[in-house]
């Protein structure tokens, strides 16, 4: 048996222990019931880009691929509509999503100086115990269960120097993320720390942030790509990079798209591992104190405010939780992801089948 800590658990634990305690699968495992439904365009965009960058279709004509990309967006948003999204919200997201994808396809070839290797790459690794004198010792709970860290990388790519990079897609609804915030982004640093433990000896040179503004197309014009720009063809998958980049940060982009590449150093990854171990040890400690961390930036978007308010007033939140929340069902491994089928692991493999959407895009 193992005690799995997800990236979402880690973020919630550091942000607000009460929210973490209510929602984590390792704790009370509640999720809100939303009868009205919401549209997660960011998720739908990631689903579409997973098709755009599918390794087995990287050398295909982009006109063929783009049709499949739009179908992926349709399917993702259709699934959300089935979860209770109203028609107007769904239609607006659909129109916005297709405009984003068309504009992105015009821009991306000018900065895609890489070959996709894996998409939606899930990993699960034992967390090493940095304080143990025993070589290769792993962190455990008081009951002796190995503590494991798990997450999913949007995409792994290989560049012209055979260096590997972890790519994160971001839908930006406000200002661009500050460069320092990207440098300090602990989730993607943890990707680079964990991947060589999961895929032995495969070092990641760093992270790429693929940022897309949500208001792309509002001006009525899509950005143009570089004429004649060629994508990199397939490259062999090596365990080690031929050349590690020396440039710490490189930024390319326009007013609507931005690609930021940040090299990650060994000392940075070692520190990330120690920090993760310290947090995992604290989160699994018996008798852990659970308390809220109220603040506008935390509470404004929190889905657990009703039970939190009941607890703050000294009441019992059981009734609130029973009426407005439910326990999450067991996780289901989705087809096309690591652990389900292996198509994403095979470069050049045949793509998964795509059903025709109910409402084809005109």
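Of note:
- Hits in region 44-70 - residues which are without any contact (Cβ under 8 Å) to a residue 24 or more places away in the chain and out of contact with any helix residue (DSSP H, G or I) (no Cβ under 6 Å at 6 or more places or on another chain): 60, 61, 63, 64, 67
- For region 291-337, the candidate set comprises residues that are modelled with pLDDT under 90 and in contact with a helix residue (DSSP H, G or I) (Cβ under 8 Å, 6 or more places away or on another chain); within that set, the residue that is farthest from residue 12 (Cα to Cα) is 336.
- Only one of the numbered conditions (1) out of contact with any strand residue (DSSP E or B) (no Cβ under 9 Å at 6 or more places or on another chain); (2) in a helix (DSSP H, G or I); (3) modelled with pLDDT under 95 is not met by residue 59, and that is (2).
- Unmet requirement for residue 265, which otherwise passes all of (1) surrounded by 12 or more Cβ atoms within 10 Å (Cβ to Cβ); (2) closer than 17 Å to residue 13 by Cβ; (3) modelled with pLDDT under 95: (2)
A quick yes/no check of all residues on (1) crowded, with 20+ Cβ neighbours inside 10 Å; (2) closer than 30 Å to residue 55 by Cα:
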site: 126; (1), (2): no, yes
site: 141; (1), (2): no, no
site: 149; (1), (2): yes, yes
site: 155; (1), (2): yes, yes
site: 163; (1), (2): yes, yes
site: 191; (1), (2): yes, yes
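- Residue match in region 73-90 (condition: under 21 Å from the mean Cα position of the chain (by Cα) and closer than 20 Å to residue 167 by Cα): yes
- Candidate set from region 306-327 (those that are under 30 Å from the mean Cα position of the chain (by Cα) and surrounded by 14 or more Cβ atoms within 10 Å (Cβ to Cβ)); member that is nearest to residue 31 (Cα to Cα): 325
- Scanning region 113-131 for residues that are within 21 Å of residue 159 (Cβ to Cβ), modelled with pLDDT of 95 or more and not in a strand (DSSP E or B) yields no hits at all.
- Condition check for residue 47: closer than 28 Å to residue 256 by Cα, touching a strand residue (DSSP E or B) at 6+ places or on another chain (Cβ under 7 Å) and in a helix (DSSP H, G or I): no
- Residues located in region 169-187, provided they are in contact with a helix residue (DSSP H, G or I) (Cβ under 9 Å, 6 or more places away or on another chain) and without any contact (Cβ under 8 Å) to a residue 40 or more places away in the chain: none
- Any hit, region 128-136, residues being in contact with a strand residue (DSSP E or B) (Cβ under 9 Å, 6 or more places away or on another chain) and touching a residue at least 60 places away in the same chain (Cβ under 8 Å): yes
- Test for residue 22: is it closer than 30 Å to residue 138 by Cβ, in contact with a strand residue (DSSP E or B) (Cβ under 6 Å, 6 or more places away or on another chain) and assigned to a helix (DSSP H, G or I): yes
- Checking each residue of region 27-43 against the condition of being in contact with a helix residue (DSSP H, G or I) (Cβ under 6 Å, 6 or more places away or on another chain), buried (at least 19 other Cβ atoms within 10 Å of the Cβ), at pLDDT 95 or above and part of a helix (DSSP H, G or I) gives no match.
- Test for residue 85: is it surrounded by 15 or more Cβ atoms within 10 Å (Cβ to Cβ), out of contact with any helix residue (DSSP H, G or I) (no Cβ under 6 Å at 6 or more places or on another chain) and either touching a residue at least 40 places away in the same chain (Cβ under 8 Å) or not in a helix (DSSP H, G or I) (or both): yes
- For the residues 190, 194, 166, the requirement of being part of a strand (DSSP E or B), within 25 Å of residue 114 (Cβ to Cβ) and in contact with a helix residue (DSSP H, G or I) (Cβ under 9 Å, 6 or more places away or on another chain) singles out 166.
- Condition check for residue 153 on (1) without any contact (Cβ under 8 Å) to a residue 60 or more places away in the chain; (2) assigned to a loop (DSSP other than H, G, I, E, B); (3) in contact with a strand residue (DSSP E or B) (Cβ under 9 Å, 6 or more places away or on another chain): one failure, at (2).
The values are calculated or read from the model by the stated rules, or taken from the named source; none is laboratory data. Since the structure is predicted, the reported quantities are computational estimates derived from the model, not experimental observations. Every residue, glycine as well, gets a Cβ built from its backbone with ideal geometry; the counts of neighbours run over all protein chains shown.
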